[in-house]
Each structure stands twice: as C-alpha cells, then as structure tokens.
1. In the range 74-129, which helices (runs of 4 or more DSSP H) lie fully inside it and hold 1 or more residues that are modelled with pLDDT of 95 or more and closer than 26 Å to Asp301 by Cβ?
2. Can you tell which of Gly331, Gly342 is more than 30 Å from Phe121 (Cβ to Cβ) and without any contact (Cβ under 8 Å) to a residue 40 or more places away in the chain?
3. Consider the range 240-252. How many of its residues are buried (at least 24 other Cβ atoms within 10 Å of the Cβ) and away from the ligand (no atom under 11 Å from the Cβ)?
4. Give me the pairs: first residue in the range 110-129 and under 18 Å from Thr98 (Cβ atoms), second residue assigned to a helix (DSSP H, G or I) and within 12 Å of the ligand (Cβ to nearest atom), beta-carbon distance under 7 Å, and six or more apart or on different chains, which are they?
5. Assess whether Asp145 counts as being charged (D, E, K, R) and either within 16 Å of the ligand (Cβ to nearest atom) or within 18 Å of the chain's Cα centre (by Cα) (or both).
6. Do we find that Glu231 is surrounded by fewer than 24 Cβ atoms within 10 Å (Cβ to Cβ), under 21 Å from the mean Cα position of the chain (by Cα) and under 23 Å from Ala73 (Cα atoms) in this structure?
7. On the basis of being buried (at least 24 other Cβ atoms within 10 Å of the Cβ) and closer than 20 Å to His149 by Cβ, does Val299 make the cut?
8. Which of the residues that make up the range 130-154 are under 17 Å from Arg274 (Cα atoms) and assigned to a loop (DSSP other than H, G, I, E, B)?
Amino acid sequence: MFHVKHAQWFSESSGPDNSAEVIGTLQARIGALREASLLRATDGDERARAESRARALGVPFLDAASNDYLGLAERPIAEAFTSGLPGGAGASRLVHGTHPAHRDLERDLAAWLQAPDALLFASGYAANVGTVAALGVPGDTIVSDRLNHASIIDGCRLGEARVEVVDHLDLGAMGQALARPCPGQRWLVVEGLYSMDGHRPDLRKLRALTNEHGAALVVDESHSLGARGPEGRGECAAQGVAPDVLIAGLGKAFGMQGGVVAGDGALRTWLWNRARTFVYSTAPSPALAAATRARLAAVRDAEALRAQLETRSARLRARLSQHAQVHVVTGSEGPIVPILVGASLDALRIANAFLEQGVLVQAIRPPTVSDGTARIRLTVRATFTTHDIDRLAEVAVRACKS
Ligand SMILES: Cc1ncc(COP(=O)(O)O)c(C=O)c1O
C-alpha cells in the first residue's frame, strides 16, 4: 500500500498546472451527489462498520449484500494459481491467441448449458455491452426492458440499432415494438432475474412472442445462472426455454469473475469479430479460467444449496410479509428481496440501521433505480441458517420502523 501526495503526483506532470481547478470541479460534483443522498461510500467502509458492530454486539456478522448466492465466492482457489498456468493472458485473444484454459472453460460451459458454443468475456458487464452493441447493427431493432441492467443499456447506446425501451415485462408493449416494421433483425433483451426487483419473467411467453415476430430472445442470466434450474443452468433451463443468446456474469452464484455468452457457433464467431469489449480487451487470466472451470463442477453439483436458497428466500419473504411497514417489491421471487423505501435519504437511514445491528445491506439509489424508488436490497444466500434469516427479518422490521 502506498499513498501519493497531491503535490508529488502533479510535480511529475508537464504543462500548465490546472489541477486545483480540475479537483475543484470534481469536488463540486461529489458535493452535489452528497447533497442528493446519492454519494456512495468507498473502499468497504460499510462492511467494516457492520463487522465491528457485530463484534460489539456479540452477534455474527451477516452479509446480506453479496450476490454470492451459493456461498461459493468464499472458497479459496489457490490450486489454480499454483498450477503453473499463466496468471495473465498477455493481450486480447485476437492478438495473442487463445490459451487452452479459455477454450476448455468455454466448451465446458457450453456443454453444461446445452448450447452449441460459448465465448468468455472479462466480466458480465463486458459481455452485455459487447454483445448487445455487436448484435444491434443498422437496420435492426432492439427491444429492451426498461429495468434492464446498466450494461445492457450501455450496449444499446453503443450499438447502431434502433432501440425501443418498453415498460418492465409488459408483454403487450414488447409485442407492439416487435411488430413494427424493421428491415433487419429484431432482438428482445430481458433478464432472467431482475437484479433490483427480483422479478422472474415468463420466458415461455417471451419465447412465443419472439417466435411470432421472427425475433431473437436474448436473456441476461447473471443472477440466475448457477442459482436456478436443473444443474444450476439458469432460469431459461428452469422454464424449459432455449434463448438465442444467453449472457451471464460469473461473479455471482459462480463466485468467480468473468462473463459468458452462449449460443450458436455463428454467434460466437460474430462476437469474436465485432464485440468491442472482447476484441479490444485483454483476455481473462488463464489461471482464473481454469479455476472457473473447476468451479463449474461445484456449481453443477450444488442442488442442495440451490434448494436451500429457495427455502431460505421463501422463509424471509414469509417473515417480512407479516409486517405492513415492510414493503417488499411486488412480484419479487427468489434470493433478491428488495424492500421499497422511496426517498434516497430514507434508504440510507434504514441501511444504516441494519449496519448498526451488524448486518450489511445496501441502499440502492438512483441512477441504479429510478427516482423515488430507492430501496434496500436484501440478498439471501444458501449458507444462511434459519436463525440468520429470522434475525435478518427482525432487523429489517425494526430498521423500517426507525
Ligand atoms: C443483471 C446484470 N447483468 C450484468 C451484470 C454485470 O456482471 P459483472 O458483475 O460480472 O460485470 C450485473 C452485475 O451487477 C447484473 O446485475
């Protein structure tokens, strides 16, 4: 750890020193965020506070903010890093080639997902931005759910297709948008489990809708891959639906890092050539790819954890539903249990009340969610005991009353 002093940092630079002005601009912008209760704490301050409060209260620290649904992220991956595999890929795969560990992982992911092929990205964010942008060429139409993740929105912005944003899971609006004349390909992009609302779309209906309009179905399974469906193959598999494009981050139930896009070999070839976040980005570490391949076996075999995740999530919902002051987002299902608050300041206050009880949660505020819909996102993990769940519910009820 080292810290560079302001003066030292700028003394190396050439040209006029307008650093004070630049820093002043940033500080003013940060001030505006703070004023609007939208400033995020940096460097894990909240986690440290919750942990220290838990110690002071003599209760276990409870982490209800992680997407580590199966508790696999905490498992060490030391073997991969002592296996002799390179830690770094050296360059993008187009420039420096594919390490066998990349291809092995892609093949195993594709086989598991029962998809023809797969392509590995550095993150789920990179997978979404690169894929959505590369798919949407001029003449195409992308129909995107209003609550889609920022990475999908950014992919829509970066691409050259006409984009129609439709109300959240509004099948009527989706159908109308897909029915409009379009000289190219139509794409419907949704998530398998909505990360801030816990909604699971009816993918069978969406598949039927896309089939009716000759459109492709693109599903971001970041929050469902590993956590849902037979062998953890995700929400599409749970509903018996084959999407045209399946995208997922590997940092959630997998507890690793990276992103995957699964589909036909033609999709892989197109993305290999045109997904800018793939083409112009260093390939993931081969050692990490090998570790992720080993993790896949753990994910596939985690039926008991997946069952536990569902029962624990249901228990939390049942506990919270007994209290009128706790407004769990309507229609939410599974491990994402969002409590609607409204104002950002109130969400911060409530999150703080959780931290005071040794429970880490996040106040989710704009721009992650729309204005006036700030919320507390409780994330259930399979490793929570029933006692943890009951404590989480109790703390939530008290915090919401505070
Ligand atoms: C729905 C969704 N898609 C994609 C991503 C990005 O995945 P990653 O964290 O692997 O970059 C996230 C992460 O927050 C997400 O919630």
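1. Result: 100-113.
2. After applying the criteria, what remains is Gly342.
3. The qualifying residues number 2.
4. So the pair list comes out as Phe121/Ala127; Phe121/Gly130; Phe121/Thr277; Ala126/Thr277.
5. Values: charged (D, E, K, R): yes; either within 16 Å of the ligand (Cβ to nearest atom) or within 18 Å of the chain's Cα centre (by Cα) (or both): yes.
Yes, satisfied.
6. Details: surrounded by fewer than 24 Cβ atoms within 10 Å (Cβ to Cβ): yes; under 21 Å from the mean Cα position of the chain (by Cα): yes; under 23 Å from Ala73 (Cα atoms): yes.
It is true that Glu231 is surrounded by fewer than 24 Cβ atoms within 10 Å (Cβ to Cβ), under 21 Å from the mean Cα position of the chain (by Cα) and under 23 Å from Ala73 (Cα atoms).
7. No.
8. Matches in the range 130-154: Gly136, Val137, Pro138, Gly139, Asp140.
The values are calculated or read from the model by the stated rules, or taken from the named source; none is laboratory data. Small disclaimer: the values here were computed from a predicted structure and weren't measured. So basically every Cβ, Gly included, is an ideal-geometry build from the backbone, and we count neighbours across all protein chains shown.
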